[in-house]
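Quick notes on the structure that follows.
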Amino acid sequence: NSADISGGGRHSLLRQLAPVCAGATLTALGIRALLRVTAEFDAPRASVITSARKVCTFLLSCVLFKKHYTACHFVGGVLTMVGSILVHRSLSHAKQHSHESIPVSNSDRITTS
């Protein structure tokens, strides 16, 4: 039937393509934001932000697609966030101590006269 293709077919095709186009657009925006974060911040901070984004994406998918959210999901999200924060603190702490313990020889010292 040509009537089915010309009238209802376009609307059906648009209804099928709209989520795909929206998903592609949001993915492109997310990747752009992720690249900007990794360019502006150090690796541990970018890791924390990326992990937080993953947790938020999972929670949003549970709300939008009516997925069952169990205690295991909650524990996994909490462990992911805590692990990322601990890695960030550990690396920040190690970075601070590495700057403090750099030995300076007498020949490297700058003297003002």
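Numerical summary
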quantity: Selection status of A28, within 21 Å of L91 (Cα to Cα) and at pLDDT 85 or above; calculated: no
quantity: Residue in the stretch 88-101 that is nearest to P44 (Cα to Cα), counting only those that are at pLDDT below 80 and open to solvent by less than 100 Å² (accessible area, probe 1.4 Å); calculated: H88
quantity: Complete set of residues in the stretch 33-57 that are part of a helix (DSSP H, G or I) and farther than 23 Å from H73 by Cα; calculated: A33, L34, L35, R36, V37, T38, A39, E40, A43, P44, R45
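Matching residues to (1) loosely packed, with under 12 Cβ neighbours inside 10 Å; (2) at positive phi; (3) touching a His at 6+ places or on another chain (Cβ under 7 Å); (4) in contact (Cβ under 8 Å) with a residue 24 or more places away in the chain:
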| residue | (1), (2), (3), (4) |
| --- | --- |
| R10 | yes, no, no, no |
| V20 | yes, no, no, no |
| T38 | no, no, no, no |
| P44 | no, no, yes, yes |
| R53 | no, no, no, no |
| C72 | yes, no, no, no |
| V82 | yes, no, no, no |
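The values are calculated or read from the model by the stated rules, or taken from the named source; none is laboratory data. Keep in mind that this is a model prediction, so the values were computed, not measured. Reconstructed Cβ throughout: ideal geometry from the backbone, glycine too, with neighbour counts over all protein chains shown. Surface accessibility is based on the protein's heavy atoms, side chains included, excluding ligands, DNA and RNA. Shrake-Rupley method; radii C 1.70, N 1.55, O 1.52, S 1.80 Å.
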